[in-house]
């Protein structure tokens, strides 16, 4: 098959169109009545194409993408599980798609009921008291959670607590969220097995500490076995505990953040609750808190009373952090997923995800460097190939996997190891799929020893080969206009 | 077993043996005893697809769908049928952020096209790959202005949408930036007041076009004032109107932001939509979020990749100017397909129809003698009427007639007591407009 390589702009022909609109129905009104100073003067660079042009173009470029239904997608820390079709069908129902967010509460009782029911389900599943579904994504949830933490201390008149402890293994969003919330991140080192170093934690604690952010299992896929001691120490020092829900999938049904002593949590619905990642969003990052902190949740809030649902703005809240109710059609899909799983399957989920990861870990540890022995949770981390003499790096292994029809795992994260490969298989993958992946990983290890160039120059079968990233950053061609200007410049030379 | 869990008994046995444990619970030995979750969740048992479909259809039926004459940030625009068909392709829908560009050229290319379309509509030099929504994008634009100017105060027009204002307030409060409101006079930002408020501490002036009342303000004048004192102009513009209204670039904006819901995205109770953000070349490195760039692969083929990542949180951590990680990628695809379908001609036609419908409705309402245009200023598809009719009476009459419109502004401020807002898009027919007028002209107080 010939590879399709056009931009939508390159299909354009003057006069073509793909839309149809009603005819004007009143005479005597025209935009030319608007003062000239308010009207646009400069040209537009928009395509003129037919409807078939549009559908064929986007169908063709979609074929250059790898999706979960294309094959195994073991991207660590991203929980790329199967995204059920039923959620898509429900979210498209006109009764959900065609409602305006400013409609009176009495006319959107179905949407508000889902809001209330889902926040209660998340509370039960996580062990917290109440939730807001308004945050748009995991990083947004972190920001909102830290705003709550800050507001809590300030309301008590404790203005000194502006520092947030973050382990050095944390996702980059953790320290960045602290900065955006107007706080300072204090990084503490991990101990040799990748967990929080209690001595370092104790040394960091003081009356300027607002709290601590922690992912559990942590970004190395290890459960923080000192978790009760950690939360006790932080609470004793007057701080709050924030749970980054990025890795909640591991422990679903086996342990709850609330029971571990966490006060504030965000959950990535696009990870644990199976809503599609959409090429990078929209996600959804509900924030849950303990009873004591419920008043701080952002506006608007939804409350139930006598089977009726109300929307209100609380003066106690941290304020508004989204235009309306967050990514409604995303959290609606998560609700459908939870109904679908029900009590029995929610209980089993984390165990199966964890078993899958351990199975992969045990099957690959002879060929790949396992830096931390022992049981892992829902993901396992290797530090590159065991045999370092071949010169084949983690990047090469990842690219070679693409040739074999697998998406690559997360690479070079966590930052604690120089050649990190982080594999998260999720519970929706079968033993057959895992076995095929394992066999391929072992085959690549052999290739690295026998034909290292083949691996170092991979991928060989994808729509494009390795990209010149330096050129992208240097030339900064960020739009079709930039591209045309660059092309003209080349032509002149 | 359950349909999303493929493990057979034989699989479980073989896998546990390989791992060297007897039961799955043995894998959770690191979980302290007191924390290990023993009981069942207080959640109902698994529902079948048939049951879920029935339950959710019933819930959907409890949401009333109206003929929509409401706007204020969310609009009932035309959604070309090709959008829902194309965005549901699993290659787009189920992929993650394009970390492996060799197998994500589909996502990267449409992001590049999206950035190109935002670039041309705003007239700015470069756009990022999208933000969560227009309100958060506006707040992040304020942070960006702080980073560029090293100044700490943002002057916000009183004609900014109150929900956007509320989000900006929250963000600025926590980040420790100062916010001052520029008073609105007769529905417009007061240039006189702005002149007095500007000084060397002001990082940016934030205005909206068309503003909260639907009025198309002369932003150029306000931008000149801002620039004179070394502040930036942040313009929050309804992207759907930019094919016909002066672009943020023409207005002299340094940062253009806004929501893209009006470009082919369903209202869906306000989400998901996406926020756009674009700026001048010299500020590109201060843009938050993902940016896609064009490059070449090893064989010289045109290719796309996420670029300028040294700006982002995963590299800069606590020094990053924003904590945003993902974008609203799939929503950017909605916008890209929508704009491909509409082109310049379609956008202009849709705006012309909205303009005609809105002005026809305004005239008809004034003819009833019960409504008066609150501010006699230029508008496009949205406007505010003043009336002595109680807003509850209006609202009830309209809802009973299957119409949602005349949104009362009273809840946004005591100055707005007798004001109600209308929006008319290209979807509204003459019969619908006449029906609305017929419902209201019979009301009395």
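Each value in this text was obtained by applying a stated rule to the coordinates, not by laboratory testing. Here the structure is a predicted model, which means the values were calculated and not measured. Here the Cβ is made from the backbone with ideal geometry for all residues, glycine too, and neighbour counts use every protein chain on show.
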**Report entry** Relative packing of A:130-141, A:154-165, A:334-345, which averages over residues the other C-beta atoms within 10 Å, highest first
**Finding:** A:130-141, A:334-345, A:154-165
Report task. Would you mind getting me the FRET efficiency between residue B:441 and residue B:21? Use the beta-carbon distance for r and R0 = 60 Å, nearest 0.05. Result -> 0.20
**Report entry** Fewest-first sequence of B:33, B:286 by Cβ atoms within 10 Å of each Cβ
**Finding:** B:33, B:286
Query - Cα-Cα P(r), region A:86-341, percent of pairs per 5 Å interval - result: 1, 6, 14, 19, 19, 16, 11, 7, 4, 2, 1, 0
Report summary line: Note: residue A:3 to residue A:470 extended length (0.36 nm per residue) minus current alpha-carbon separation gives 165.7 nm
Report summary line: Placing each pseudo-label 7 Å from Cα in the direction of the beta carbon, residue B:61 and residue B:430 end up separated by a distance in nanometres of 3.7
Query raised in the report: Which residues in region B:247-264 have a backbone N closer than 18 Å to a point placed 7 Å from the Cα of residue B:227 along the Cα-to-Cβ line?
Result: B:247-257
Report summary line: Mean other chain Cβ within 10 Å across A:357-364 is 4
Query raised in the report: Based solely on its DSSP helices, what 222 nm [θ] is calculated for chain B when runs of n ≥ 4 H residues each add -39,500 (n - 2.57) and the sum is averaged over all residues, nearest 500 deg cm²/dmol?
Result: -12000 deg cm²/dmol
Query raised in the report: In whole angstrom, how far apart do the alpha carbon centroids of region A:100-122 and region B:179-203 sit?
Result: 38
Query raised in the report: Between residue B:367 and residue B:85, what is the FRET efficiency for a Förster distance of 45 Å, r being their Cβ-Cβ separation, to the nearest 0.05?
Result: 0.55
Report task. On a C-alpha basis, how far is the centre of region B:125-175 from the centre of region A:300-342 in Å? Whole number, if you could? Result -> 24
Report summary line: Footprinting proxy, A:331, B:445: sorted fewest to most Cβ within 10 Å, the residues are B:445, A:331
Query raised in the report: Exposure proxy check: B:68, A:228, B:260, A:294 ranked by fewest other beta carbons within 10 Å?
Result: A:228, A:294, B:68, B:260
Query raised in the report: In peptide A:11-23, how many Cβ atoms from other protein chains are near each Cβ within 10 Å, on average?
Result: 5
Report summary line: Volume per residue (Å³) of the convex hull spanned by the alpha carbons of region A:8-62 is 127
Requested in this report: Sticking with the crude label model, points 7 Å out along Cα→Cβ, report the distance from residue A:85 to residue A:12 in nm, one decimal please.
Outcome: 3.8
Query raised in the report: If you average the sequence gap of Cα pairs under 8 Å that are 6 or more apart and divide by the length of region A:86-341, what percent do you get for the contact order?
Result: 28
Query raised in the report: Across the residues of A:252-261, average count of Cβ atoms on other protein chains within 10 Å?
Result: 4
Report summary line: region A:215-303: relative contact order from alpha carbon pairs under 8 Å, six or more residues apart, as a whole percent, is 23
**Report entry** Euclidean distance of C-alpha centroids, region B:320-371 and region B:214-262, integer Å
**Finding:** 16
Query raised in the report: Using 7 Å Cα-to-Cβ label points, what is the residue A:485/residue A:105 separation (nm, one decimal)?
Result: 5.1
Query - Paramagnetic reach from residue A:32 (point 7 Å along Cα→Cβ, amide N under 17 Å) across region B:352-389 - result: B:352-353, B:355-356
Query - Protection proxy ranking of A:470-478, B:217-225 - average other beta-carbon atoms within 10 Å, highest first - result: B:217-225, A:470-478
Requested in this report: Normalising by the residue count of chain A, find the relative contact order in percent from Cα pairs under 8 Å and 6+ residues apart.
Outcome: 17
